[in-house]
1. Can you tell me which residue is modelled with the lowest pLDDT among those in the range 305-324 that are assigned to a loop (DSSP other than H, G, I, E, B) and open to solvent by less than 30 Å² (accessible area, probe 1.4 Å)?
2. What residue, of SER110, SER104, is among the polar types (S, T, N, Q) and crowded, with 18+ Cβ neighbours inside 10 Å?
3. Looking only at the range 33-50, decide whether some residue is closer than 27 Å to VAL409 by Cβ, in contact with a Lys or Arg (Cβ under 8 Å, 6 or more places away or on another chain) and among the β-branched types (Val, Ile, Thr).
4. Which of the residues belonging to the range 13-28 are surrounded by fewer than 24 Cβ atoms within 10 Å (Cβ to Cβ) and either in a strand (DSSP E or B) or touching a residue at least 60 places away in the same chain (Cβ under 8 Å) (or both)?
5. Can you pull out every residue in the range 368-401 that is open to solvent by less than 30 Å² (accessible area, probe 1.4 Å), assigned to a loop (DSSP other than H, G, I, E, B) and closer than 15 Å to ASN425 by Cα?
6. Please go through the range 36-80 and give me each residue that is within 24 Å of TYR213 (Cα to Cα), surrounded by fewer than 22 Cβ atoms within 10 Å (Cβ to Cβ) and either in contact with a Ser or Thr (Cβ under 9 Å, 6 or more places away or on another chain) or free of Cβ contacts under 8 Å to residues at least 24 places away in the same chain (or both), ordered by number.
7. Examine the range 256-267 for a residue that is out of contact with any Asp or Glu (no Cβ under 6 Å at 6 or more places or on another chain) and modelled with pLDDT of 90 or more, and state whether such a residue exists.
8. Tell me the residue from SER328, SER356, SER361 that is touching a residue at least 12 places away in the same chain (Cβ under 8 Å), open to solvent by 30 Å² or more (accessible area, probe 1.4 Å) and not in a loop (DSSP other than H, G, I, E, B), please.
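The values are calculated or read from the model by the stated rules, or taken from the named source; none is laboratory data. Being a predicted model, the structure only gives us computed values, none of them experimental. Here the Cβ positions follow ideal geometry from the backbone for every residue, glycine too, while neighbour counts run over all protein chains shown. Remember, those area values only see protein heavy atoms, side chains included, never the ligands or the DNA or RNA. Shrake-Rupley method; radii C 1.70, N 1.55, O 1.52, S 1.80 Å.
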Amino acid sequence: MDFQVVVLAGGTSNKLVPLVSKDVPKSLLPVANRPVLAYVLDLLEQSNIKDLIVVVEGEDTDGLVENWISEAYVDRLHVQVASVGEEVGTAGALRAIAHHLTASDILVVSGDLVCDISPGAVAAAHRRHDAAVTALFCASPISGPPESGSSGGKDKTKKPVRHNIVGVDITQQFLLYIAAGMEVEKDIKVQKSILRAVGKMEIHADLMDAHLYAFKRSVLQQVLNQKQTFKSLKLDVLPYLVKSQLRSEILLNGAQAEENGNEKDSYNTDQVMLSQLLANASTPSFHEVYASGPNGFSPAERKTHKCCIYIANKTKYCARLNSVQAYSDINRDVIGDASHLSGYSFSAHNNVIHPSAVLGSKTTVGPQCMLGEGSQMGDKCSVKRSVIGRHCRIGSNVKVVNSVIMNHVTIGDGCSIQGSIISSNVQLQERAVLRDCQVGAGFVVPASSEYKGESLARK
């Protein structure tokens, strides 16, 4: 696949405080005891993509990510790590590395993506349609913690999250309308020219933008150069390309093709023509029909560009680690229904206990759990649906449910942890109780204290 591949790995996202820090940027946050960036790099490697650019925010992040990649993927991938300024946005990051982009097509992948959808399938659809942009969309992930003490069955607290409102043609190949962010709550307004050209449009509110895009490089760079205020691919660049696809400025060297408001499209005729065209993938798209004008020709040439969509099969797994809740959800999934992504072999008990881990007397580690290298647990402990990292020291009579515990954490006797995330090097003193909390690196939770729904971090 002769695409140039860019992974946007970010820096220390404010949405993930207190889990991230200068020592642990977002891209190195552990998901089932592996950095989240590993899931993207493995996905690309499986698609035989060996050369790529990883873009990070901040010089501190640059060194950490480069060192980890050089150790984890030595002799496997050729990765160039490029550092950009903090908070420049995804569009700003690509603008900053534009001098590195030389291929005719660019595949852009978010570094927080955890999925099993082939990037090659998106690239193939992009080339097949000669599109300006092709975006991957997937079913909105289920969000929310399992019910306390639940051992399975239907979970009433889990719910799909609305991420976007998307309009597509009846073949589900072309992207006609997109609303994201604050625009999701507004009324849907679609240009008449698009509706007239395509005839029918399907509206979807159950799809998530996976932040995996294939761009024609000339189009991407022209938009980034002309629209210097654009910061986000999702909120700025993609909506702009979708809205302007039938009155494209992109291929006219900046000259705009004006749409004649008095022009009478042969609406009924076009509908019949388009329904026949779209039923046959080998015939031109509605963009070519529109460009040719009524009756197959146009006195003034209309310029168009194609915006395509690749909708993943609902059986595929796809989620982005872009919030604290998403972090919990993805860890839950990767040790559960999406365990094929974990990179580990699960035991007959449907868990992963590292051979070097030590369990005390009458301690149980249930299904959909992971216990990392060198970790030790005392007597009469219970772990359910949780991830415990490397080299943790856990006392006796400790209960851990629906939680993620990172590396080098010390937990005293009699502690109870439920629905919480505990960062590396945290110390929980005896009989501490945490419920639905997030604890930043190095924090000390006092003995016999109780916290519920709080974010705890060192000042």
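1. Taking the range 305-324 first, the residues assigned to a loop (DSSP other than H, G, I, E, B) are 305-306, 312-317, 321-323.
Now narrow it down to the ones that are open to solvent by less than 30 Å² (accessible area, probe 1.4 Å): 305, 312, 321.
Numbers: HIS305: 92, ALA312: 96, LEU321: 96.
Applying the filter and picking the extreme gives HIS305.
2. Working: SER104 fails: crowded, with 18+ Cβ neighbours inside 10 Å.
One residue alone meets the criteria, SER110.
3. Step one: filter the range 33-50 for residues closer than 27 Å to VAL409 by Cβ, giving 33-42.
Among the residues that remain, those that are also in contact with a Lys or Arg (Cβ under 8 Å, 6 or more places away or on another chain) are: 33, 36.
Of the ones still in play, those that are also among the β-branched types (Val, Ile, Thr) are 36.
Taking every residue of the range 33-50 in turn, at least one turns out to be closer than 27 Å to VAL409 by Cβ, in contact with a Lys or Arg (Cβ under 8 Å, 6 or more places away or on another chain) and among the β-branched types (Val, Ile, Thr).
4. SER13, LYS15, LEU16, VAL17, PRO18, SER21, ASP23, VAL24 - these are the residues of the range 13-28 that are surrounded by fewer than 24 Cβ atoms within 10 Å (Cβ to Cβ) and either in a strand (DSSP E or B) or touching a residue at least 60 places away in the same chain (Cβ under 8 Å) (or both).
5. GLY372, GLY374, SER375, GLY389, CYS392 - these are the residues of the range 368-401 that are open to solvent by less than 30 Å² (accessible area, probe 1.4 Å), assigned to a loop (DSSP other than H, G, I, E, B) and closer than 15 Å to ASN425 by Cα.
6. LEU43, GLN46, SER47, GLY58, ASP62, GLU66, VAL79, listed by residue number.
7. First, pick out the residues of the range 256-267 that are out of contact with any Asp or Glu (no Cβ under 6 Å at 6 or more places or on another chain): 257-267.
Checking the rest, the ones that are also modelled with pLDDT of 90 or more come to none.
Within the range 256-267, not a single residue is out of contact with any Asp or Glu (no Cβ under 6 Å at 6 or more places or on another chain) and modelled with pLDDT of 90 or more.
8. Details: SER356 fails: not in a loop (DSSP other than H, G, I, E, B); SER361 fails: not in a loop (DSSP other than H, G, I, E, B).
The match here is SER328.
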